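What follows is a short report on a single structure.
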Amino acid sequence: MKATRQKKFYGVLLAPTLIFLGIFLLLPLIQLLILSFQQVDNFFEVIDGYTFSHYIEVLTTPVYLKTIWQTLFVAVITTVICLVLAYPAAYLLVRSPKRWRAFFYILLVSPLLTSVVIRTFAWIILLAQNGLVNDVLMKTSIIDEPLDMLWNMNAVIIAYVQVMLPFAVLPIATAMSDIKGNLRSASMILGSNRISTFFRVTLPLTIPGMISGAMIVFSLAAGSYITPLLVGGRMQPLLPLSIYQQIMQVYNLPLAAAMAFTLMVLVFLVIAVLGYILKKWEVRVNG
Amino acid sequence: MGNKGTRWLDSLIWIAGIAVYLFLTIPVLVIILSAFSPTDYPQFPPTDFSVRWFTEVFQSEQWMQSLWSSTLVMIIVTPLTVLLGTMSSYALARLSFPGKGLIQSFIMSPLMIPQVVLGVALLYLFSSLGLFGSTLGLIIGHIVICFPYVVRTVSVSITNLDSRLELASMNLGSTPWQTFYRVTLPLIKPGIIAGAVFAAVTSFGEISVSLFVSTPETITIPVRTFGYIDQTFDPSVNAIAVIFIALSVIALVIIEKTIGLSKVM
Amino acid sequence: MSGIKLEGISLDYGNHFALKEVELEIKQGEFFSLLGPSGCGKSTLLNIIAGFLGQTTGVVYIGDQDVTNIPPYKRNLGMVFQNYALFPHLSVRDNVAYGLKNKKMSKQDIKQKVDESLALVQLESYATRMPHQLSGGQQQRVAIARALAIEPNVLLLDEPLSNLDAKLRKEMQFELRRIQKSVGITTVLVTHDQEEALSLSDRIGILGDGVLQQVGEPLEVYRRPANRFVAEFIGQVNIFDAVLSEGTVYETTAGFKLEAERHESGKQPNRVRFMLRPERIFVEQHVSGEDTANRVKAVVKESSYIGNAIRIRTEAGGIELAVHAPDPMFPVLPAPGQELVLSWKKEDIIYLEVLDHESN
């Protein structure tokens, strides 16, 4: 009796959330899915009848294919750079003296609490033709002409890395601090120096953190449009940008919906693969 | 172990690590530098000190209207998200049923769903419900986005909570509701506060979904900022940015005082 | 294989000494235990031998080589850690092969050596398992096999048995001794468990407050502890401060008399601290006669049964005396308040410290 009453109580607590997310998360996604199959007339007005044509367009038009390819490429590059940079950052976070640690945490978490618009804006100030980097470089006579650092994919990737790096550092740092100290001692006494110990013990044991970080960074990098819009310009071949343009400028909603679902499926596929590897690894190591 | 090889390696790691943290911090420093510089584009080293961008922001009717919009939305979104998030993470922590994993992934999915997709989907839903451009639409969108952050911080607190305390309370004759209110709630309060801070900060800075569902009447600060950067380069954005940074510092202090920064992520 | 020599090892943390002037020579092939309470510096000393910690002053020799400036990964030592420190992401085979791969051996040689090492600890059939699939005792054996596979100069054991339950711990103690004997390797065991140290070791070094208090064979440190610290740390002990009354008879502060053997100096010191092990005390239940030297009436305060013996706390003349009586001695536990007569032989009264040499 008691158990069922408790269960009912928990059910009551959970219900409002499920209803809310059902209406405002699941329902719109389903609507969008339906929309992506709807036919349009010449003015992109939705008309009766269903079609695969939007998906066919997304998946066969060379310019969109290039866009998809480029989106994945940028997301992968961002993820890889984030993971590489995350290791020294995580190392400092985990192994430095206590009062330093708090300081590093502040540096790490504060970007997460600052709006992405603001963080991206900083990169414009830094990288623009009359921006800070050019200013410093010209004043120190390293260059004569200002460099074009803004409005290209490199700017997008730099800004992405800065925005998303904390998401990679935090899970890796957690995994690192979970490694028992005497494992590294054991490795050293068995003849591995510190570099070899890193590659044979620390790196493999932080794989779960690496994968968790990669999942977040990849999905953010593949799905953001604010940062590329501001530092990369409107013309960068990235799927989120194309979706934004289809909606805000072309008004072809079903095509945008098809693109959105293509993007989402791609992201979920990557996350599913990463999640599968993560699970395999954890079963192997922890049973 | 004070041999040279190790010291050399240590310094290398530290240099690399500090460089990474510097890379993370530079944008914030740049913004602060710019906000107090009198020129349109900041110069290095700074030539002069001025607060003219702050004055401009506070005298602009548009900025003040957006500030009001953002604050209003944040004030409504935060308690609602915290309420929903706390209830559901508590229920999920104590319930076990087939498909629980699926529900959990669903609840956390706004973190993983590409933001542009979420924006488009809500835009379409709101147009069909007649909520497009309304403050209510913004609020709903923000709750969806902020929700996972609250669930995460509250879940951390619940995981650290000894469930035997609840059993003890129920054995002493308390109902589930009394137990929750008198035992569980006080113990997970730090997690709830941290979640509230995250929700507030996220809502205040949200842009990806807001950009799709807002109209000029309901424009929030990040959306207006975006417009200013995108269309015209207006240096008063620097002053706005400093306000955001100040807000995040306050948030950091609250989180550190309640749950501890290292526990949040 | 080689012995270990420590010369004047100190570790100074500025405000306190973790280790102070430790001098120690461990012979080749010896099983040596470092015994002491937690925080005494025994693990610190082991970490200095391993190279994980640097001493402030002093020199560590392994064999004839001064290893002070050699990092741990070049010292060729085997080490077994408290919670085994098996690599959770590697199979048993790969764990044992870990150190061999650093030695640039051929794949075939590695495989052969791994098989040999696993055979030594009788785990041949577990090679493909992951550490989490093993019991505590099995993990322990893998850790030993891994340490020995690299044919180290010395085997270091850092409280290796403390995580095992009592029965398994006994088994592993035998196993450890068997393996150590069959390989003949110099072994240093760090432990806080005196029974473990006594039963396994050729010699024991007792550390207290960073100072090496005594080094000796098990029998020696138990029967002839060098000072009060050692006496109290190993086993239970009764300690009396007494003043010479005549000949070799001393009178305790509590008023009863002890007769000891002649002091080794040939001259009886005036004030002495004696010790008497509880199990060296005979108990008579029939109370008769007067107190004489080495015979005293006592009152039971509390008694407890531990299986093979009965522990009795008694009081004689205002001081407490601990007594361990053999199990069959009492049909029922002596009740508080019961009177007993305690006696002991004079050779069991051990001079612990001389407090005052002068005779009156």
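Taking the numbered list (1) under 12 Å from C:I350 (Cα atoms); (2) assigned by TED's automatic domain parsing to the domain that holds C:W344 in turn, C:A254 passes all entries but (1). Would you mind stating whether C:D64 is surrounded by fewer than 17 Cβ atoms within 10 Å (Cβ to Cβ), of a type in the set (D, E), more than 9 Å from chain A (Cβ to nearest Cβ) and within 21 Å of C:V188 (Cβ to Cβ)? Judged against the criteria, C:D64 is a match. Within the range C:130-163, the residues that satisfy the criterion of being more than 12 Å from chain A (Cβ to nearest Cβ), under 14 Å from C:L118 (Cβ atoms) and in contact (Cβ under 8 Å) with a residue 60 or more places away in the chain are C:Q140, C:I144. Only a single criterion out of (1) more than 8 Å from chain B (Cβ to nearest Cβ); (2) at pLDDT 90 or above; (3) buried (at least 21 other Cβ atoms within 10 Å of the Cβ) is not satisfied by A:M264, namely (1). Scanning the range C:21-40 for residues that are at pLDDT 90 or above and within 17 Å of C:Q213 (Cβ to Cβ) gives C:E21, C:V22, C:E23, C:L24, C:E25, C:I26, C:F32, C:S33, C:L34, C:L35, C:G36, C:P37. In the range A:9-42, of all residues being more than 9 Å from every other protein chain (Cβ to nearest Cβ) and over 26 Å from the mean Cα position of the chain (by Cα), the one that is most open to solvent (accessible area, probe 1.4 Å) corresponds to A:N42.
Evaluate the following for B:F106: is it in a helix (DSSP H, G or I), facing chain A (nearest Cβ under 10 Å), aromatic (F, W, Y) and open to solvent by 10 Å² or more (accessible area, probe 1.4 Å)? So B:F106 fits the description; yes. Taking first residues from the range C:105-116 that are over 13 Å from C:E151 (Cβ atoms) and partners that are modelled with pLDDT under 95 and part of a loop (DSSP other than H, G, I, E, B), the Cβ contacts under 9 Å between residues at least 6 apart in sequence or on separate chains come to C:D115/C:A127. Candidates are the residues of the range A:188-205 that are outside any helix (DSSP H, G or I) and small (G, A, S); the one that is most open to solvent (accessible area, probe 1.4 Å) is A:G191. Filtering the range A:215-246 down to residues that are at the interface with another protein chain (Cβ under 7 Å from one of its Cβ atoms) and closer than 15 Å to A:V58 by Cα, which residue is most open to solvent (accessible area, probe 1.4 Å)? The extreme case among them is A:Y244. The number of residues in the range B:207-263 being at pLDDT 85 or above and of a type in the set (K, R) comes to 1.
Checking each residue in the range B:37-62 for being at pLDDT 80 or above and within 14 Å of chain A (Cβ to nearest Cβ) picks out B:W53, B:V57.
Only residues that are open to solvent by less than 10 Å² (accessible area, probe 1.4 Å) and closer than 22 Å to B:F198 by Cα were counted across the range B:227-243, and they come to 2.
Of the residues examined, C:S43 is not one that is under 17 Å from the mean Cα position of the chain (by Cα) and either in a loop (DSSP other than H, G, I, E, B) or of a type in the set (D, E, K, R) (or both). Among the residues of the range B:155-177, those that are part of a helix (DSSP H, G or I), open to solvent by 60 Å² or more (accessible area, probe 1.4 Å) and away from every other protein chain (no Cβ under 11 Å) comprise B:T159, B:N160, B:R164, B:L165.
Each residue in the range A:119-144 was checked for being open to solvent by less than 70 Å² (accessible area, probe 1.4 Å) and assigned to a loop (DSSP other than H, G, I, E, B), and 3 pass. Which residue is surrounded by the fewest Cβ atoms within 10 Å (Cβ to Cβ), if the candidates are limited to the range B:8-33 and must be of a type outside the set (A, V, I, L, M, F, W, C) and farther than 20 Å from A:I195 by Cβ? Per the stated criteria, the residue is B:T25. Checking B:F132, B:F147, B:F126 one by one, the residue that is in the same structural domain as B:T220 (by TED's automatic domain parsing), buried (at least 17 other Cβ atoms within 10 Å of the Cβ) and either outside any helix (DSSP H, G or I) or not hydrophobic (A, V, I, L, M, F, W, C) (or both) is B:F132 and no other. Looking at C:L53, is it open to solvent by 50 Å² or more (accessible area, probe 1.4 Å), within 14 Å of chain A (Cβ to nearest Cβ) and more than 22 Å from C:E217 (Cα to Cα)? For C:L53, the condition - open to solvent by 50 Å² or more (accessible area, probe 1.4 Å), within 14 Å of chain A (Cβ to nearest Cβ) and more than 22 Å from C:E217 (Cα to Cα) - is met. Within the range A:43-58, the set of residues being more than 23 Å from the chain's Cα centre (by Cα) and in contact (Cβ under 8 Å) with a residue 12 or more places away in the chain comprises A:F44, A:V46, A:Y50, A:T51, A:F52, A:S53, A:H54, A:Y55, A:E57. Helices (runs of 4 or more DSSP H) fully within the range A:1-104 that include at least 3 residues being among the small types (G, A, S): A:2-21, A:62-95. Residues of the range B:183-195 that are within 19 Å of the chain's Cα centre (by Cα) and surrounded by fewer than 24 Cβ atoms within 10 Å (Cβ to Cβ): B:K189, B:P190, B:I192, B:I193. Evaluating A:P208 against the criteria (1) within 9 Å of another protein chain (Cβ to nearest Cβ); (2) in a helix (DSSP H, G or I) leaves one unmet condition, (1). Filter the range A:59-73 for residues that are under 22 Å from the mean Cα position of the chain (by Cα) and touching a residue at least 12 places away in the same chain (Cβ under 8 Å) and give the result. If the condition is that a residue be under 22 Å from the mean Cα position of the chain (by Cα) and touching a residue at least 12 places away in the same chain (Cβ under 8 Å), then A:Y64, A:K66, A:T67, A:I68, A:Q70, A:T71, A:L72 are the ones that fit. Within the set A:V109, A:V116, the sole residue that is open to solvent by less than 10 Å² (accessible area, probe 1.4 Å), among the hydrophobic types (A, V, I, L, M, F, W, C) and either at the interface with chain B (Cβ under 8 Å from one of its Cβ atoms) or over 20 Å from the mean Cα position of the chain (by Cα) (or both) turns out to be A:V109.
Residues are listed down the side, and each one gets a yes or a no for (1) in contact with a Ser or Thr (Cβ under 8 Å, 6 or more places away or on another chain); (2) surrounded by 18 or more Cβ atoms within 10 Å (Cβ to Cβ); (3) at pLDDT 95 or above; (4) under 21 Å from C:I234 (Cα atoms):
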| residue | (1), (2), (3), (4) |
| --- | --- |
| C:E159 | yes, yes, no, yes |
| C:L164 | no, yes, no, no |
| C:E171 | no, no, no, no |
| C:S182 | no, no, no, no |
| C:T191 | yes, yes, no, yes |
| C:L198 | no, yes, no, yes |
| C:R203 | yes, yes, yes, yes |
| C:G208 | no, yes, no, yes |
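Scanning the range A:119-163 for residues that are more than 7 Å from every other protein chain (Cβ to nearest Cβ) and of a type in the set (D, E) yields A:D144, A:E145, A:D148.
Quick one: in the range A:164-187, of everything that is more than 8 Å from every other protein chain (Cβ to nearest Cβ) and open to solvent by 10 Å² or more (accessible area, probe 1.4 Å), which residue is modelled with the lowest pLDDT? If we take residues in the range A:164-187 being more than 8 Å from every other protein chain (Cβ to nearest Cβ) and open to solvent by 10 Å² or more (accessible area, probe 1.4 Å), then A:G181 is modelled with the lowest pLDDT.
The values are calculated or read from the model by the stated rules, or taken from the named source; none is laboratory data. Every value quoted in this text rests on a predicted model; they were computed, and no experiment measured them. No Cβ is skipped: glycine too gets one built from the backbone with ideal geometry, and neighbour counts run over all protein chains shown. SASA here: full protein model, heavy atoms, side chains in, ligands and nucleic acids out. Shrake-Rupley method; radii C 1.70, N 1.55, O 1.52, S 1.80 Å.
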